[in-house]
Structure formats: structure tokens, C-alpha cells
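Trainee: Okay, here's the structure, questions in a sec.
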Amino acid sequence: MSSSDFDTVVYVANAGDGTIGSYRLHREHGRLEPLATTPAAENVMPLAISPDRQFLYAAIRSQPLRVLSYRIEDDGALTPLGSGRLDGSMAYIATDRSGRHLLAASYGDSVVSVSPIGADGVAGDASQTCPTGSRAHAILATPDDRHVLATNLGDDRLAQFRFDGKLTPNTPEAAATDANVGPRHFVFSPCGRFVYVLGEFDASVTTFSLDADSGTLSRLECVLACRRRASWPAACRVKRSRRATIPRGSGPRICISARMAAISISRSAPAP
């Protein structure tokens, strides 16, 4: 969120308090300034923001399971708009690239879902909920919005779907990581040709190439980001791979955190 007064606003879900905290990020000082606390509900957890940065979505993991919709005001404040039913306790939510659908993944229920988002920005009741592999943990639409990927931490794989507002299993239905990796979160490279997957169990990053036409993945390699489990809470940088998919020096880097929903690519230089 940007304006003349605010460079960036950070939103934090406070599951125990049932609130969403908002903070102004002072990039030059690396400091967060508290702005407001907005009521949500008990066990508010994953958050998502619409592509146009006008709306925020918050999944509630207590009964009744649902997603709350908020409008983001010019000063960063959140205005409640409505809610929609979710058919699972969702560990991860994200909008598709158009902002017209909310995607969700449930770790405990091993399902993924799609909810429609209206012109008013409100996410409605889930229109589709379908079983996937064990322990669904993250879900994202591909850059062209024609396919969807979801991690299955319990099966060491990424489920692959065709997407037109509805999820249809792709062929093949999944792409495998190495055994006992525990794929958790993932990101697309800025160019959209690669997918980087964080392994929770071994702090690895698996690189896949993405076929944009078919929406399917081909595994390239897996590298360890951290050698010792004790060091996992700290952010880790992946060294340059022999395939040069993760450049070092002044180029883009992948930064990960083993337990948090944090795997990101710095954009200090063009992607390969």
C-alpha cells in the first residue's frame, strides 16, 4: 500500500487476540510503527491482499470457519466488508492473479478450495472444495492465471491443477520433490519460468522449471539452505546453483525462513 504519507503498511494476524495489527514500515530505519488494531475473530491466521492492494482477506481457523474481507483505506486502516464460508481450517490463502477468486489450502483437512470475490471485493462462500494430497500447505495461481499449484507437505509433492475459476486436476496430477523434504511454501521467479519450493524438514530449496502451456513442473535440483537445524529460525540465503537459477553477487537472491510463511526473491537485478 502506497501513498504520499505511507510507503508500506504491514498487516499482522494476532491469532490469540483475534485481531489484525497494522504497522507503518520505515524502510530507511528498519522499524515498524504501530498504527491500529482491527477486530477479526479468534484464530485469525493467514492473510492475503488483492492484486490492486485495495482489499485484505483473513482466514478464521475457529468455528465457524470463514474468510473475512476488508477494504484498505488510504491511510492503511481496515474497514470490514463481509465474510464467506470456508470448508476447512485454512493454513494459507491467496487471490488468483485477477483478484476475482480466493484460493485456500487446508493442512489439517488436506483440501484446497476456491471462493468467488465480488466486484465489491468481498470473498463469498467457497464454491469448490476438493481433496488433494496429504497436508496441503500453500496454494498459488501461475503467473498467467491458467493453472494452480499447491504443496502437499505430507506426500512430498506439489499438486497441479488447470484453472478457469474452477480447479481441475492436471496431467500429471502432481510433481514430486525428494523424499522427506516436506514442501511447505513456494514462489515463482520474477520471469515466471521457475518455481522455488521451501522444504520444511531439511531447510532445502527445490527448483522446478514451469511449462507455461501445460502448467506442469519439471524438477531441476534441490540444495540445502541451512546445514544445521538449530540455525533454521534465522533467514538463510541459498548459494548459487550449478544451473545458475539462483544467482549470487548483486543479482536476485532467495531468502527463506524454515517455519514461517517466508520465501521471497530479492529483485535487485533482473531474473535469469
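Trainee: Among 74-86, 50-62, how do they line up by average Cβ neighbours within 10 Å per residue, starting with the highest?
Mentor: The most tightly packed comes first, giving 50-62, 74-86.
Trainee: Next question, about the same structure. Taking amide H positions as placed in the peptide plane 1.01 Å from N, state which residues far from Gly82 in sequence (5 or more) or on other chains have amide H under 5 Å from it.
Mentor: Answer set, sorted by chain and number: Ser69.
Trainee: I've got another one for you. Using modelled backbone amide H atoms (1.01 Å from N, in-plane), which distant-in-sequence or interchain residues come within less than 5 Å of Ser110's amide H?
Mentor: HN-HN under 5 Å from Ser110: Arg135, Ala136.
Trainee: Can you run phi through the Karplus equation (6.51, -1.76, 1.60; θ = phi - 60°) for the range 109-126 and list ³J(HN,Hα) in whole Hz, with x for Gly and Pro?
Mentor: 9, 6, 9, 10, 8, 10, 10, x, 10, x, 4, 7, x, 8, 7, x, 4, 4
Trainee: Could you work out the relative contact order of the range 1-131, using alpha carbon pairs under 8 angstrom and six or more residues apart, expressed as a whole percent?
Mentor: It rounds to 16 percent for the range 1-131.
Trainee: Step through the residues of the range 193-206 one at a time and calculate ³J(HN,Hα) from phi using the Karplus curve (6.51 cos²θ - 1.76 cosθ + 1.60, θ = phi - 60°), rounding each to whole Hz and writing x for Gly and Pro.
Mentor: Here the 3J(HN,Hα) series is 9, 10, 10, 10, 10, 7, x, 5, 6, 10, 6, 9, 10, 9 Hz.
Trainee: Continuing with this model, one more query. Give me a comma-separated list of calculated 3J(HN,Hα) values for the range 44-51, in order, Karplus coefficients 6.51, -1.76, 1.60 applied at θ = phi - 60°, integers in Hz, x for any Gly or Pro.
Mentor: Per residue, the Karplus-derived 3J(HN,Hα) values read 5, 10, x, 10, 9, 10, 5, x Hz.
No value in this document is a laboratory result; all are computed from the given coordinates. This is a predicted model, so every value here is computed, not measured. Virtual Cβ from ideal backbone geometry, glycine too; neighbours counted across all protein chains shown.
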